[in-house]
Amino acid sequence: MSIDLKQLFEVVGDVYNIDYQLDLSDYELFGSKPFFKPVHVTGKIENKAGVVFLNMDADFSIRVECDRCLDEFERDYSYSFEHILVAELNTDNDEYIVVQNHVLDLDDLVLSDILLNLPSKLLCNEDCKGLCSKCGQNLNKGSCDCNDSLVDPRLAILGELLK
Ligand SMILES: [Zn+2]
Ligand SMILES: [Zn+2]
């Protein structure tokens, strides 16, 4: 979605309300297309005393493979973003979003905000036990017979010392 902000940049107190669904179902990430539902974006753009603020919330769900056990899982996220929009960049502050020709591409901004905030490793569960390195058994679903021989060698030495 593109928003023409020419008037908003000029009129102090002007407000633009955001409430839309962003379809990212074709976007590839982590080797799949995780955005199986549209991203719901709400918020507003407001000219406060000549400074243009963008505040928005992005609510979305992703479906991805766990980095550790490779099981597919879904997770909901709710992120809030705040930016200051400027018509041209005359400082080195890259926190500002430059709006070329007063037209903001909100889809691009929402997507890059989401990508910057998503964790780089996604686990089905903080305590995910992963896969057995020997037989490939998903250890969240049950143990395998290799377990006994998988004792950390350093712990084994400690065990000997404590005897
Ligand atoms: Zn997992
Ligand atoms: Zn095993």
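The values are calculated or read from the model by the stated rules, or taken from the named source; none is laboratory data. Being a predicted model, the structure only gives us computed values, none of them experimental. Side chains are part of the model used for accessible areas, which takes the heavy atoms of the whole protein and leaves out ligands, DNA and RNA. Shrake-Rupley method; radii C 1.70, N 1.55, O 1.52, S 1.80 Å.
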On the Cα set of the chain, report Rg and Dmax in Å, please.
23.7, 80
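Given an 8 Å cut-off on Cα distances and at least 6 residues of separation, report the relative contact order of the chain as a percent.
Value for the chain: 18 percent.
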For n ≥ 4 DSSP H runs only, could you compute -39500 (n - 2.57) per run for the chain, divide by its residues and tell me the 222 nm figure to the nearest 500?
-4500 deg cm²/dmol
What accessible area per residue comes out for the chain, rounded to a whole number of Å², with a 1.4 Å probe?
65 Å²
Using a Gaussian network model of the chain whose springs link C-alpha atoms within less than 10 Å, name the residue from 104, 123, 29 with the highest mean-square fluctuation.
29
Nearest 10 degrees is fine. How inclined is helix 106-117 to the longest principal axis of the chain, computing both from alpha carbons?
30 degrees
Count of lysine pairs in the chain with Cα atoms under 18 Å apart, counting only pairs 8 or more residues apart in sequence or on different chains?
5
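Report the antiparallel proportion of the DSSP beta bridges in the chain as a percent, rounded to a multiple of 5. Numbers along the way, then the final one.
Working: 36 of 39 bridges.
So the antiparallel bridges in the chain amount to around 90 percent.
Probe radius 1.4 Å, ligands and nucleic acids left out: which of 106, 111, 70 has the largest accessible area, and how do the rest follow?
Working: 106 0, 111 30, 70 95 Å².
The residues order as 70, 111, 106, largest area first.
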